[in-house]
1. Starting from the coordinates of the alpha-carbon atoms of segment 1-150, obtain the Kirkwood hydrodynamic radius over all distinct pairs and give the value in Å to one decimal.
2. Could you tell me the distance between the Cα centroids of segment 205-271 and segment 72-144, to the nearest Å?
3. Please figure out what share of the DSSP beta bridges in segment 7-277 is antiparallel and state it in percent, rounded to the nearest 5.
4. Can you list the lysines whose alpha carbon is less than 27 Å from that of LYS172, not counting same-chain residues fewer than 8 positions off?
5. Over the Cα atoms of segment 94-159, compute the convex hull volume and normalise it per residue, giving Å³.
6. Ranked from highest to lowest mean number of other Cβ atoms within 10 Å per residue, what is the order of the peptides 122-134, 197-209?
7. Counting just the Cα atoms, what span does the chain cover along each of its three principal axes? Round to the nearest Å and put the largest first.
8. From the Cα gyration tensor of segment 151-197, with a ≥ b ≥ c the square roots of its eigenvalues, which class applies: rounded if a/c is under 1.5, or else prolate if a/b is larger than b/c, or else oblate?
Amino acid sequence: MSEFITIEQIDEAVSAIRAKTKVSPKVGLVLGSGLGGLAASVKNATVLPFKEIPNWPVSTIQGHAGRLLIGELFGQNAMVMQGRVHFYEGYSMGQVTFPIRVMQRMGVQVIILTNAAGAINPNFEAGDVMLLTDQINMIGMGGMNPLRGPNLEEFGERFPDMSHPYDPELLKLAEASAQEKHIGYQKGVYICLAGPSFESPADLRFLRAIGADAVGMSTVPETIVARHGRTRVLGISGISNKANLNGSTETTHEEVLAAGEMIVPKLSGIIQGVMEKLNLVSDR
Ligand code: HPA
């Protein structure tokens, strides 16, 4: 596949999905590392392994099941990705964000992106949930922006606004849901690095100095593509580890997956609340 995705490739995947289900999903949900457990809540699911969908990138890492579920999630028609691919796996930015384009063509109006992230903010602990208020596109600042290449006019303009990467109304719904259910949460800025190596202590001090609260290797490219098409985004990080600002501890993928088990019930409670309240938000 060439570096840049075409509308024909996107629509080929859409047709293949539509051939398997009559459900018109209105919400898209991406479940990050160790967070796939939420997929069990999808009712009457049509389950499509990523490898059976034309042009869909297939994840290569542990903790990502690699399946698309289409069905009812907490009362809303939804398409749920159990796992995603990352730039560090060797995929192009077009491939990394391909599923977001498919969601947009399927008619999805709201996308909920989840990820596992390392805490940079010293007040955060492993097992915390952070609602994203904003992002730093570290991975894209040097040129790896998912919108590089021919502009897909079907979705949006060449130079899209990015003043609200995360939708303020969805953020309010998430906060209200967490408060009602007495689920503790943090809010903050997520920064995306390419990975796959975790950060050095000096990397982390730099990231802290430029205003990041949590660091990960996903989400930001997906949010940019979603916003290019004016799709509203809610972002939620599961804090899997405290960043190692002084080099005293090591970070492992096992730790990231283990924290996921602690985080899934909180994430599930917040997402359920948002889904139930969604009809209160005016469609834009
Ligand atoms: N750094 C980058 N990505 C991550 C981390 C981290 O500490 N934890 C989970 N994903």
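1. On the way: mean 1/r = 0.0614 Å⁻¹.
One over the average 1/r among Cα pairs gives 16.3 Å for segment 1-150.
2. Each part reduced to its Cα centre gives a spacing of 9 Å.
3. Values: 17 of 45 bridges.
Restricted to segment 7-277, the bridges split so that about 40 percent are antiparallel.
4. Straight-line reach from LYS172, under 27 Å: LYS26, LYS43, LYS181, LYS187, LYS242, LYS266, LYS277.
5. On the way: hull volume 8.8 nm³, N = 66.
Here the figure is 134 Å³ per residue.
6. By packing density, highest mean first, the sequence is 122-134, 197-209.
7. Taking max minus min along each principal axis of the Cα atoms, the chain gives 52, 42, 34 Å.
8. Numbers: a/c = 3.35, a/b = 1.56, b/c = 2.15.
Note, shape of segment 151-197 comes out oblate.
No value in this document is a laboratory result; all are computed from the given coordinates. Nothing here was measured: the structure is a model prediction, and the numbers come from that model. Neighbour counts run over all protein chains shown; Cβ positions are idealised from the backbone, glycine included.
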